[in-house]
Amino acid sequence: MMSNNVILFDTTLRDGEQALSASLTVKEKLQIALALERLGMDVIEAGFPVSSPGDFESVRTIAQTLKSARVCALSRAVDKDIDAAYEALKVAEAFRIHTFISTSTIHVEDKLKRSYDQVVEMAVAAVKRARRYTDDVEFSCEDAGRTPIDNLCRMVEAAIDAGASTVNIPDTVGYTLPNEFGGIIETLFNRVPNIDKAVISVHCHDDLGMSVANSMAAVQAGARQVEGTINGIGERAGNCALEEIAMIIKTRESFLGGLTTNVNHQEIHRTSKMVSQLCNMPVQPNKAIVGANAFSHSSGIHQDGMLKNKNTYEIMTPESIGLNNKALNLTSRSGRAAVKSHMDAMGYTEGEYDLDVLYQDFLDLADRKGQVFDYDLEALMYFANVRDEDDFFKMNYLSVQSGSIMATTSIRLQCGEEERCEAAVGNGPVDALYQCIYRITGYEIVLDKFDLTAKGEGEDGLGQADIIANYKGCKYHGTGLATDIVEASGQALLHVINSIHRAERIAAIKHSNQQHQAHSQKEHNISSEQM
Ligand code: KIV
Ligand code: ZN
């Protein structure tokens, strides 16, 4: 009998990440992976190891750290990708290798330039190679939504025969309609003889805004794994939003014949916030489940109904996704215990933040701002978690003069052991500050994007600056948080410059080690020749 449990496969860190303007750091990916695990995601696709050393390292770190979720890595249907996926994953307690190849005629003929027979052969060989490393192998038929059904049936049967335990049917270009996509899944169940030997999965993109509806139609036709991302981030218009799938299955459980997921729904709101914050991808206010307006009632008629009986206009409560609008406040007289108890009430455990660091940041903020609200604490925590302790450049002092005159900024910047000063004028305070930082550090950065947002409420709230910076063709995301928006902007730029400086230091150490090794090898060869 078919299980009632729908497996959720999260690809925020792979499909989602590949669509961001700047890549996430290993530290940021790990933070998100831990949040996804707490949310109850069954499988977490952590990256595409062969694509870059950074991706390999993130998959390995996540595989090493997660306990209950199964960590997965992507590979094309070629040996070197599958081997790299295994090398990155092998430290995990349990892992999955995900391999894929295109199956639609346009992809097979124009992208792969092969015959369909050759593509089936490559898929079978890839699944068999992955099976050398694990029993948990997922095979995806890329662009399945546009694949002729006979070809799709043939490929699914061959992949299962070769040992795939999950077969994924992606609507890669978000082209199908719900009854059409549900029909494809139904046909596979009717026509593929060994279909009961694998879990059928779906992976829908949102180009026509139907990824969630298509995924649910597939579930109703028998699919038991849904792939997607938090907040629906991903290639182009994005992927299926998994928080929506989780809440549809919970809210319409009886209509759906008792389907369940392993999601801890109370974690939805803060996981969504974390993903949005670290990925620098704002959530539209009217987005289902996690948008800022998803639970607010504006019209008088609706508000009247809500006061009489909440069920008039509310099909699920904000509390059910962990959204508690308490916004309690603390002051500089509040102790560590009070800060900790507010964090407890918001659902954060001490392993997720360093109380000493948070308390110090809280005191600094309370001195400037008076009252500190729960949303301020949350912002301080996120910020502390992405901050690196070994930053080379740190702002010790900042003074700004601006108004109807040219803006002037002077700063003192800690550069390793030494403090350096600089002053500059600019067409605004941020421009002047950035000139000072460029001159002291020697880095000339091109800014692709600069955003300022208020965290929390009121004119005394924290300001967050996010920049996307381009340095020698690589993109970096920098973020800064302060009560002063010029200071937050400076922190964002220093965040980027410190990341570049750290990467250059590591590259220089590697280079000198390689030279040292080459030199030792040469000396060894010479002395062997002399003997
Ligand atoms: O959209 C897609 O087809 C994919 C595959 C790699 C699963 O992301
Ligand atoms: Zn995809």
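The values are calculated or read from the model by the stated rules, or taken from the named source; none is laboratory data. Keep in mind it's a predicted model, so treat the numbers as computed, not measured. Note that each Cβ is placed from the backbone with ideal geometry, even for glycine, and that neighbours are counted across all protein chains shown. Note: areas computed on protein heavy atoms with side chains; ligands, DNA, RNA excluded. Shrake-Rupley method; radii C 1.70, N 1.55, O 1.52, S 1.80 Å.
Results, tabulated for the structure shown:
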item: Residue in region 1-14 that is nearest to ligand 1 (Cβ to nearest atom), counting only those that are outside any loop (DSSP other than H, G, I, E, B) and under 9 Å from the mean Cα position of the chain (by Cα); result: Arg14
item: Number of the condition not met by Glu57 [criteria: (1) more than 15 Å from Leu36 (Cβ to Cβ); (2) of a type outside the set (Phe, Trp, Tyr); (3) more than 16 Å from the chain's Cα centre (by Cα)]; result: (3)
item: Cβ-Cβ under 9 Å pairs, at least 6 apart or on other chains, region 199-225 side touching a residue at least 12 places away in the same chain (Cβ under 8 Å), far side open to solvent by 30 Å² or more (accessible area, probe 1.4 Å) and assigned to a strand (DSSP E or B); result: Val199/Ile7; Ser201/Ile7; Ala223/Val199; Arg224/Asn5; Arg224/Ile7; Arg224/Val199; Gln225/Ile7; Gln225/Val199
item: Complete set of residues in region 141-182 that are within 16 Å of ligand 1 (Cβ to nearest atom) and either without any contact (Cβ under 8 Å) to a residue 12 or more places away in the chain or within 24 Å of the chain's Cα centre (by Cα) (or both); result: Cys141, Glu142, Asp143, Thr166, Val167, Asn168, Ile169, Pro170, Asp171, Thr172, Val173, Gly174
item: Close pairs (6 angstrom Cβ cut-off, 6 or more residues apart or separate chains): under 12 Å from Phe48 (Cα atoms) in region 63-86, open to solvent by 40 Å² or more (accessible area, probe 1.4 Å) anywhere; result: Leu74/Phe48; Asp81/Val50; Ile82/Arg129; Ala84/Val50; Tyr86/Tyr133
item: Residue in region 259-270 that is open to solvent by less than 50 Å² (accessible area, probe 1.4 Å), in contact with a helix residue (DSSP H, G or I) (Cβ under 8 Å, 6 or more places away or on another chain) and either of a type in the set (D, E, K, R) or within 16 Å of ligand 1 (Cβ to nearest atom) (or both) present; result: yes
item: Hits in region 210-236 (condition: out of contact with any Asp or Glu (no Cβ under 7 Å at 6 or more places or on another chain), in a helix (DSSP H, G or I) and under 14 Å from Glu180 (Cβ atoms)); result: Ser211, Ala213, Ser215, Met216, Ala217, Ala218, Gln220
item: Segments classed as strands (runs of 3 or more DSSP E), wholly inside region 32-135, with at least 1 members that are away from ligand 1 (no atom under 16 Å from the Cβ) and open to solvent by 60 Å² or more (accessible area, probe 1.4 Å); result: 70-76
item: Count - residues of region 114-140 that are touching a residue at least 24 places away in the same chain (Cβ under 8 Å), away from ligand 2 (no atom under 16 Å from the Cβ) and small (Gly, Ala, Ser); result: 4
